[in-house]
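What follows is a set of notes on a single structure, which appears directly below.
The values are calculated or read from the model by the stated rules, or taken from the named source; none is laboratory data. The shown structure was predicted, so the numbers you read here are calculated from the model rather than taken from an experiment. Neighbour counts are summed over all protein chains in view; Cβ atoms, including those assigned to glycine, are modelled from backbone coordinates with ideal geometry. Surface areas here come from the heavy atoms of the whole protein model, side chains and all, with no ligands, DNA or RNA. Shrake-Rupley method; radii C 1.70, N 1.55, O 1.52, S 1.80 Å.
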Amino acid sequence: MSELAALPVLAGRSLRMTFRNLESLLLAVLLPVMVMLLFVYLFGGAINTGGDYVTYAVPGVMIMCASYGASMTAVILATDLQEGIIDRFRSMNIGGRLMIFGHVTASTMRNLISVVVTFAVAFAVGFRPEADALQWLAAAAMIIAFIVAMAALSA
């Protein structure tokens, strides 16, 4: 297997580990939803934002949850080191940077799922941004860049 062909395999392995671990899955998907609902319904009336509080809270919740989700990369990588899977991969034709790229790719995909679910909940509770398609594209690029940067720093 070539080194580049191993990247999707390693990313898929990391995603499967997340989906098999119920605690990890719940934290990746439900934590952002719970934080969104907590900020909107519990703290929503505490601050006068000059508009709907959900519109004010969504960007902060996105950044906070993306940061937390990316930090899970460090935990998964440390578990791999502790359990010896990294040593097994070293005996194959898989370099160290490829293992890190695989974890960062999986973290990015995991966090994008979380972002989509959180946006769905935000729209359900009244998030109505005034952005055109180009602004949405720029926001998506910024979120993806932030997630990748945080996952890389965590790894």
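Laid out as a table, the results:
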read-out: Debye intensity ratio I(q)/I(0), log10, the range 75-153, q values 0.17, 0.26 Å⁻¹ (C-alpha model); value: -0.77, -1.24
read-out: Rounded to 10°, Cα long-axis angle of helix 53-83 versus longest principal axis of the chain; value: 20
read-out: Convex hull projection area averaged over all views, the chain, Cα basis, nm²; value: 10.3
read-out: Structure-based [θ]222 nm, the chain - -39500 (n - 2.57) summed over DSSP H runs of at least 4, per residue, nearest 500; value: -26500 deg cm²/dmol
read-out: Accessible surface, the chain, averaged per residue in Å² (probe 1.4 Å); value: 57
read-out: Area of E83 that stays accessible when all protein chains are in place (1.4 Å probe, Å², to 10); value: 120
read-out: Peptides ranked, highest mean first, by Cβ atoms within 10 Å: ranges 114-126, 136-148; value: 114-126, 136-148
read-out: Note, ³J(HN,Hα) from phi for the range 104-117, Karplus 6.51, -1.76, 1.60, rounded to Hz, x at Gly and Pro; value: 5, 4, 5, 5, 4, 5, 4, 6, 5, 4, 4, 5, 4, 5
read-out: Gap separating the Cα centres of the range 89-122 and the range 1-35, nearest whole Å; value: 6
read-out: Unit charges at the beta carbon, dipole of the chain: most positive-side option, G12, Y56, I143; value: G12
